[in-house]
1. Among the residues of the stretch 42-71 satisfying the criterion of being under 23 Å from L102 (Cβ atoms) and hydroxyl-bearing (S, T, Y), which is most open to solvent (accessible area, probe 1.4 Å)?
2. Filter the stretch 91-133 for residues that are small (G, A, S), part of a loop (DSSP other than H, G, I, E, B) and modelled with pLDDT of 90 or more; which is farthest from A153 (Cα to Cα)?
3. Going by the conditions given, is E75 in contact (Cβ under 8 Å) with a residue 24 or more places away in the chain, more than 15 Å from W115 (Cβ to Cβ) and not in a strand (DSSP E or B)?
4. Which condition number does Q81 fail, the rest of (1) within 28 Å of V158 (Cβ to Cβ); (2) modelled with pLDDT under 95; (3) open to solvent by 50 Å² or more (accessible area, probe 1.4 Å); (4) within 15 Å of the chain's Cα centre (by Cα) being met?
5. Could you grab me the full set of residues in the stretch 29-72 that are among the basic types (K, R) and closer than 17 Å to R117 by Cα?
6. If you check N58 against the conditions, is it free of Cβ contacts under 8 Å to residues at least 24 places away in the same chain and more than 12 Å from the chain's Cα centre (by Cα)?
7. For residues that are out of contact with any strand residue (DSSP E or B) (no Cβ under 7 Å at 6 or more places or on another chain) and more than 21 Å from I132 (Cα to Cα), tally how many sit in the stretch 22-67.
8. If a residue has to be within 15 Å of E87 (Cα to Cα) and open to solvent by less than 90 Å² (accessible area, probe 1.4 Å) to count, how many in the stretch 107-165 make the cut?
Amino acid sequence: GVNGVALSQTSVNTAKQGTVGVGKLQPQLVGDSAIFTSRSSRQVMFLVYDFVSNQWGNYDLTRLNRQITIGPSEECSGIVQTAFQTEPYPIFWSVRADGQFLGLVFNKQDQVYAWFRVNMQPNGGDIESVAIISGQNEEDMIVVVVNRTVNNATVRYVEYFYPQELFNQLNN
């Protein structure tokens, strides 16, 4: 409320925090923060509250790789769906409008933010959707819907990625 008075209909203290618009996709909650797409769906933003400045901060996670959300044409650009994987590594997954599958390693604690692309198109696959399935004491499973052409027919498959646990591959 205004001047420390309790919040009511007549005692409201507001202040503009930023001007970045939010796209139509649901933001992904990551701990005490959120990752969301901009109105154009071409920028991925990170929203976090800064207790020092006492306001919300928006940080552009695509700032160092502007081309990652750009497809071969205007209508094939932008992000159309997202999901967040927590285990074993924090990765923000997204589907680009042209069927490309993008990942953002998102380690806030160590300030590591790195984009990569999983190219499934050489094998005839366009990603249409992504979801994360979490299990107790297990790695998160990445599940995708892939549109493929098989024997000149368009088919959709639900596919998943193998667990990423690296320690099972190491020998003592």
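The values are calculated or read from the model by the stated rules, or taken from the named source; none is laboratory data. Source: prediction; values computed, not measured. So basically every Cβ, Gly included, is an ideal-geometry build from the backbone, and we count neighbours across all protein chains shown. In case anyone asks, the SASA skips ligands and DNA or RNA and just uses the protein heavy atoms, side chains included. Shrake-Rupley method; radii C 1.70, N 1.55, O 1.52, S 1.80 Å.
1. The first filter runs over the stretch 42-71 and keeps only residues under 23 Å from L102 (Cβ atoms), leaving 42-48, 58-71.
If we keep only those that are hydroxyl-bearing (S, T, Y) as well, we get 59, 62, 69.
Working: Y59: 110, T62: 0, T69: 0 Å².
Selected residue: Y59.
2. Start the filter on the stretch 91-133 by keeping residues that are small (G, A, S), which leaves 94, 97, 99, 103, 114, 124-125, 129, 131.
Still in the list and also part of a loop (DSSP other than H, G, I, E, B): 97, 99, 124.
With modelled with pLDDT of 90 or more added as a condition, the list becomes 97, 99.
Numbers: A97: 21, G99: 18 Å.
The selected residue is A97.
3. Spelling it out, it is not the case that E75 is in contact (Cβ under 8 Å) with a residue 24 or more places away in the chain, more than 15 Å from W115 (Cβ to Cβ) and not in a strand (DSSP E or B).
4. (2)
5. Filtering the stretch 29-72 for residues among the basic types (K, R) gives 39, 42, 63, 66.
Scanning the stretch 29-72 gives R42, R63, R66.
6. Numbers: free of Cβ contacts under 8 Å to residues at least 24 places away in the same chain: no; more than 12 Å from the chain's Cα centre (by Cα): yes.
Spelling it out, it is not the case that N58 is free of Cβ contacts under 8 Å to residues at least 24 places away in the same chain and more than 12 Å from the chain's Cα centre (by Cα).
7. 12
8. The qualifying residues number 14.
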